[in-house]
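To start, the structure under review is shown below, and the notes come after it.
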């Protein structure tokens with residue numbers, strides 16, 4: 001196993017060095033122990049997101065543009081939290097994994113809303129026993145995160161927001177599948193169109209102006 005882990009790590013090193021940002025490497029027949037060993041080895045390496053689905057390992061690199069969109073979602077949710085007095089806990093791209101499910105993933109951003117009170121002010125969230133975030137965000141500028149739906153469903157993430165640089169799509173978990181929706185279940189004030197519009201404003205006018213306009217919009221909405 002040590003040799004296999006070393007070979008996988010060498011492949012990942014080559015991938016990072018030779019491939020452009022926002023690209024993806026897929027490895028098959030990777031055991032859970034190998035996945036955890038690789039996670040431990042790469043814990044301090046920025047710009048990588050890793051997903052594991054019952055033997056299939058995906059390693060994704062990110063770009064500054066990618067990260068900027070992810071942080072923008074966090075700022076939007078902070079404004080909602082403060083203006084609407086809603087407890088929203090951001091856990092960013094924290095690694096969600098469950099050994100018994102053989103699933104693991106690092107979203108681009110994630111939030112507790114309905115389950116925020118269950119997490120409280122604890123900083124040490126254990127995804128093996130704690131509930132998953134209610135919202136996971138995926139920035140799909142150069143790839144499609146639909147392949148991660150089976151992971152999110154097994155982990156119990158209630159909704160996934162996917163942004164491809166043009167349109168924001170919301171998918172809600174029903175049973176074991178995700179179905180497209182126009183409105184967020186965790187934050188009903190938000191629709192896919194509203195999020196798309198303010199993401200477009202962010203591209204056109206920058207973060208600061210778009211956030212000011214979003215803050216003004218939030219204040220105009222009925223309580």
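With neighbour counts taken as other beta-carbon atoms within 10 Å, the residues 177, 207, 134 rank, fewest first, as 177, 207, 134.
Between 128, 138, 159, the residue with the greatest mean-square fluctuation in the GNM of the chain (Cα pairs under 10 Å linked by springs) is 128. The relative contact order of the stretch 159-223, computed from alpha carbon pairs under 8 Å that lie at least 6 residues apart in sequence, is 20 percent. By other beta-carbon atoms within 10 Å, ranking 201, 85 with the fewest at the front produces 85, 201. Taking Cα atoms only, the orientation of helix 192-205 departs from the longest principal axis of the chain by about 90 degrees.
Residues of the stretch 108-140 with an amide N closer than 19 Å to a point placed 7 Å from the Cα of residue 95 along the Cα-to-Cβ direction: 108-111, 123-133, 137.
Taking 40, 197, 22 in turn, the Gaussian network model of the chain (Cα-Cα springs below 10 Å) assigns the largest fluctuation to 40.
Relative to the longest principal axis of the Cα atoms of the chain, helix 32-41 runs at roughly 70 degrees. Where both bridge residues fall in the stretch 118-205, DSSP classifies roughly 70% of the beta bridges as antiparallel.
The angle separating the long axis of helix 2-18 from the principal Cα axis of greatest extent in the chain is about 50 degrees. Taken over the Cα atoms of the stretch 167-221, the convex hull encloses 79 Å³ per residue.
What the Kirkwood sum gives for the stretch 9-127 is a hydrodynamic radius of 15.8 Å, with every pair of different alpha carbons counted. Across the stretch 81-223, the volume of the C-alpha convex hull divided among the residues equals 118 Å³ per residue. In percent, how large is the relative contact order of the stretch 108-192, given Cα pairs closer than 8 Å and 6 or more residues apart? For the stretch 108-192, the relative contact order is 24 percent.
May I ask you to derive the relative contact order of the chain, considering only C-alpha pairs under 8 Å and at least 6 residues apart, and to give it as an integer percent? 14 percent.
The distance linking the stretch 189-223 with the stretch 81-111 is 22 Å (Cα centroid to Cα centroid, whole angstrom). For the chain, DSSP calls about 85 percent of its internal beta bridges antiparallel.
Highest mobility in the GNM of the chain, judged by mean-square fluctuation with C-alpha springs under 10 Å and restricted to 41, 183, 193, is found for 41.
Every read-out reported here was derived from the displayed coordinates using simple, explicitly stated rules and does not represent laboratory data. Everything numeric here is computed off the predicted structure, so don't read it as measured data. A quick note on method: Cβ atoms are made from the backbone with ideal geometry, for glycine too, and the neighbour counts reach across all protein chains shown.
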